[in-house]
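Colleague: Next up is a structure, given as structure tokens.
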Amino acid sequence: MSDAVLAFEGIGQDFPAPGSQAPIRVLDGLSFEVASGKFVAVIGPSGCGKSTLLQMAAGLLKPTRGTVRHRGRLIDAVNREVGFVPQQAQLFPWKTLSENVELPLLLRGIAVAERRQRVAEALASVGLSGFEDYYPSQLSGGMQKRGSIARTLIYRPDVILMDEPFGALDAQTRMVMQHDLQTLAQDAGATILFVTHDITEAVVLADSVVIMGQRPSHLLATIPIDLARPRDVFEPFRNPGYEAAYDAVWSVFRSQINIRHRAPAMEATP
Ligand SMILES: Nc1ncnc2c1ncn2[C@@H]1O[C@H](COP(=O)(O)OP(=O)(O)OP(=O)(O)O)[C@@H](O)[C@H]1O
């Protein structure tokens, strides 16, 4: 039996194209699975439909063709068993950090004593103990992002969907967040579907990298990343086997990138 937590099967997606009768075909015949406890990164050119796939897994969008299943169950309504971490932190500015993180439990009717305990645990797990009473505007971008991750972890979703979660962060904060996410994912045995533009981020974090092509997008390849854990996210090239893993992804992905201008030095022959 397949141990897939999420299964995308023959996914096609058309959207109406403004000013045209013909719809725009974004996804075409795309299939892949996310196994339990695995970290799967999705990369692909801008506009190829990566975020669209996450919306389908969350049950916010029904594919035009094909099916998405969660532990074998067809997703045909909002999927409350997934957690979603968007690119922007999206904490409510009028609520404190602990009130923001507590919100999913409040909506699920969890009693106050358990809420307090789980908020404390969730904030500790992302290194934010002591900031409970701060408002989002009093926190750095990285801290807000940690708060947003804590708000997702607190209700212990079966799968965590992450849409370029670190894209807006500065380079140093981003590496620290990658490091912390790796630790969190390992400790919790979490199942994660992670969209990124960054090949290095995908290779250093993921167990496998799904590579999508230009629109109408289909699966170009799924590359397993067998690097030992924990991995060094600060100096990725120091992980034994990193270069070969990066090359395996890049050799597929490079065909999708339009390199219009090459530097003169690269043109020169020795
Ligand atoms: N609700 C919608 N209605 C119409 N078109 C849409 C809708 N959602 C997405 N699209 C179109 O589908 C395509 C794919 O969008 P999507 O956001 O999934 O791409 P992406 O790969 O995540 O892009 P990026 O890497 O730039 O974030 C885009 O051309 C977008 O304009």
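Read-outs: derived from the displayed coordinates by stated rules, not from any lab. Since the structure is predicted, the reported quantities are computational estimates derived from the model, not experimental observations. A quick note on method: Cβ atoms are made from the backbone with ideal geometry, for glycine too, and the neighbour counts reach across all protein chains shown.
Colleague: Taking amide hydrogens as modeled 1.01 Å from N in the peptide plane, which residues meet the under 5 Å criterion relative to Leu6, leaving out close sequence neighbours?
Modeller: Val34, Arg71
Colleague: Based solely on its DSSP helices, what 222 nm [θ] is calculated for the chain when runs of n ≥ 4 H residues each add -39,500 (n - 2.57) and the sum is averaged over all residues, nearest 500 deg cm²/dmol?
Modeller: -9500 deg cm²/dmol
Colleague: Arranged by the count of other C-beta atoms within 10 angstrom, fewest first, what order do His218, His70 take?
Modeller: His218, His70
Colleague: At 10 °C and 1.306 mPa s, what whole-number value in µm²/s does Stokes-Einstein give for the translational diffusion of region 129-270, with Rh from the Kirkwood sum over Cα pairs?
Modeller: 92 µm²/s
Colleague: Right, another one. Pull up all non-local amide H partners of Leu220: gap of 5 or more, or a different chain, and H-to-H distance under 5 Å with H placed in the peptide plane.
Modeller: Ile211, Met212, Gly213
Colleague: By counting other Cβ atoms within 10 Å of each Cβ, how are Phe194, Phe32 ranked from fewest to most?
Modeller: The order, fewest Cβ neighbours first, is Phe32, Phe194.
Colleague: While we're looking at this one, here's another question. With springs only between Cα atoms under 10 Å, which of Gly130, Gly49, Gly59 fluctuates most in a Gaussian network model of the chain?
Modeller: With Cα springs under 10 Å in the chain, the top fluctuation among Gly130, Gly49, Gly59 is at Gly130.
Colleague: Right, here's the next one. Using Cβ contacts closer than 10 Å as the measure, can you line up Trp250, Trp94 from fewest to most?
Modeller: In order of increasing Cβ crowding within 10 Å: Trp94, Trp250.
Colleague: On to the next question. Put one equal scatterer on each alpha carbon of region 91-157, apply the Debye formula with no solvent term, and list log10 I(q)/I(0) at q = 0.24, 0.26 1/Å to two decimals.
Modeller: -0.98, -1.14
Colleague: Of all the C-alpha pairs in the chain, what % are more than 29 Å from each other?
Modeller: Above the 29 Å cut-off, the chain has 37 percent of its Cα pairs.
Colleague: To check you understand DSSP bridge types, tell me what percent of the beta bridges within the chain (both residues inside) are antiparallel, rounded to 5.
Modeller: 55 percent
Colleague: Under a 5 Å amide H to amide H cut-off, with H placed in plane at 1.01 Å, what residues pair with Ile160 once short-range neighbours are removed?
Modeller: Those lying under 5 Å, H to H, from Ile160 are Gly83, Thr191, Ile192, Leu193.
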